[in-house]
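**Student:** Just passing along the structure, written as structure tokens.
Derivation of every value follows stated rules applied to the coordinates shown; laboratory data play no part. None of the values given here were measured: they were computed from a predicted structure. In this analysis, Cβ positions are derived from the backbone assuming ideal geometry, glycine residues included, and neighbour counts consider all displayed protein chains.
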Amino acid sequence: MSDPTNKQRLQTLLDGGIPDAPPHWELVFQIQEPFFGMPHRSTVRNAPYGSEEQKKLALWQYDFEVYERCVEELGWAAIPGSYNPEELAFRKEKIGDRALVVGFEGEGVFWMPSGEKMVDFAVRLYEQPDDIQAEGRRKCDAAKELFRRHADAGADLLLGTWDMGFNTQPFVSPAQFEEIVVPYMTELVDYVHNLGVKLMIHSDGCLTPILEQIHKTGIDGYQSVDPQGFMDIQTVREQYPDWLLMGNVACNMLQDTDEDKIRESVQYCMQHGGIGKPYIFSTSNCIFNGMPVDSYKTMLDEYQRLCAD
């Protein structure tokens, strides 16, 4: 059975309070076949259907059932609500009051271009600054519309999946970040707050040189706190004691099955993130395809042990 305590813990954080223990959920769960014994998603996708609408609804139902099991069996406080407001509404109706639902947006501000576009983007930064600003405005306006639709569909929290960093540095210099990202991110934060919802950012990588700029936009929380990007949750917590943080359990460690190291990572995050602080327990990214089942079970076991202490 789902535990309403976990949802209440997350709601307490969103309301500005501190729960008795950090809630837990993940941005994505991709090991449903080995973990839950579910059929592969391709089985549903490739089945015969009478229409594209039937196929869409079957896939929506399959994906919802993955996250419903995360709530019922793993105690997740929230489920991803999709980038699609219609699918978010579908999940919201089905999950009811058992968990919160989070709406995703992935294009609202500039973030790290894919490899084949990196050189062209760098050239545009210097040779076409007006064009960059015009694109930034279009991205921001489109994100506002999507965030509004998510809110109308019942999203309890909104999240921008905007990866800003390589493992060693941000994708642009701090000065460029101030010009092409900060104004639009600040505008989006203000807009979302006017909708009555909070907004978090997901970003992998090293954000140290731009973290203060991200924080000053007023964005409500930061997910990932990526150890592979040399982001240390103790340091970030000391710098921003009241900021809602989420993550920092190293995904590369979870690729392995070293139980002691996984438990040590969980203990570090819960101590510094952490218990008695505005923190959501999670990996530094997501539960990715190929993660050994035992690694996530160990992570959850240590988290639950610390919550019970």
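**Student:** Would you please give the residues with an amide H less than 5 Å from that of residue 162, counting only those at least 5 places away or on a separate chain, with H modeled from the backbone geometry?
**Tutor:** Amide H to amide H, under 5 Å and 5 or more residues apart or across chains, residue 162 pairs with 202.
**Student:** On to the next question. What ranking do 29-38, 67-76 get when scored by the average of other Cβ atoms within 10 Å per residue, highest first?
**Tutor:** Numbers: 29-38: 16.3, 67-76: 20.2.
Packing proxy ranking, top to bottom: 67-76, 29-38.
**Student:** Separate question: Let's test the formula: R0 of 51 Å, r as the Cβ-Cβ distance of residue 293 and residue 133. What FRET efficiency results, to the nearest 0.05? Please list the in-between numbers first.
**Tutor:** Values: r = 47 Å, r/R0 = 0.92.
Computed FRET efficiency for residue 293 and residue 133: 0.60.
**Student:** Roughly speaking, what is the stretch gain from residue 46 to residue 97, that is 0.36 nm per residue apart minus the C-alpha to C-alpha distance, in nm to one decimal?
**Tutor:** That works out to 15.1 nm of additional length.
**Student:** For region 228-259 and region 162-176, write down the distance between their C-alpha centroids in whole Å.
**Tutor:** Rounded to whole Å, the Cα centres lie 18 Å apart.
**Student:** Starting from 0.36 nm per residue, how many nanometres of slack lie between residue 30 and residue 141 once their C-alpha separation is accounted for?
**Tutor:** 36.8 nm
**Student:** Given a cut-off of 32 Å, name the pairs among 56/216; 55/277; 198/297; 117/216 whose C-alpha atoms lie farther apart than that in the structure shown.
**Tutor:** On the way: 56/216 40 Å; 55/277 43 Å; 198/297 30 Å; 117/216 29 Å.
From the list (56/216; 55/277; 198/297; 117/216), the Cα-Cα distance tops 32 Å for 56/216; 55/277.
**Student:** Also, quick follow-up: When only Cα pairs under 8 Å and 6 or more residues apart are kept, what is the percent relative contact order across the chain?
**Tutor:** Relative contact order comes out at 19 percent.
**Student:** Over the chain, what is the percentage of antiparallel beta bridges among all DSSP beta bridges, to the nearest 5?
**Tutor:** Expressed as a percentage, antiparallel bridges in the chain total about 5.
**Student:** Might you report the magnitude of the Cβ-based charge dipole of the chain about its Cα centre, with Lys and Arg at +1 and Asp and Glu at -1, to the nearest 20 debye?
**Tutor:** Details: 27 positive and 49 negative charges, 100 e Å.
The calculated dipole for the chain is roughly 480 debye.
**Student:** Positive end of the dipole of the chain, charges at C-beta (+1 Lys, Arg; -1 Asp, Glu), about the Cα centre: which of 227, 62, 35 has its Cα farthest in that direction?
**Tutor:** Farthest along the dipole direction, towards plus: 62.
**Student:** What does the helix-only formula give at 222 nm for the chain: each DSSP H stretch with n ≥ 4 adding -39500 (n - 2.57), the total divided by the residues, and the result rounded to the nearest 500 deg cm²/dmol? Intermediate values should be presented prior to the final figure.
**Tutor:** Working: 14 runs with 160 residues, N = 309.
Value at 222 nm, helices only: -16000 deg cm²/dmol.
**Student:** In region 68-193, with Lys and Arg counted as +1 and Asp and Glu as -1 at Cβ, which of these residues, 110, 182, 95, has the Cα nearest the positive end of the dipole, that is, farthest along it?
**Tutor:** After comparing all options, I get 95.
**Student:** Based on the Cα coordinates of the chain, what is the per residue volume of their convex hull in Å³?
**Tutor:** Here the figure is 138 Å³ per residue.
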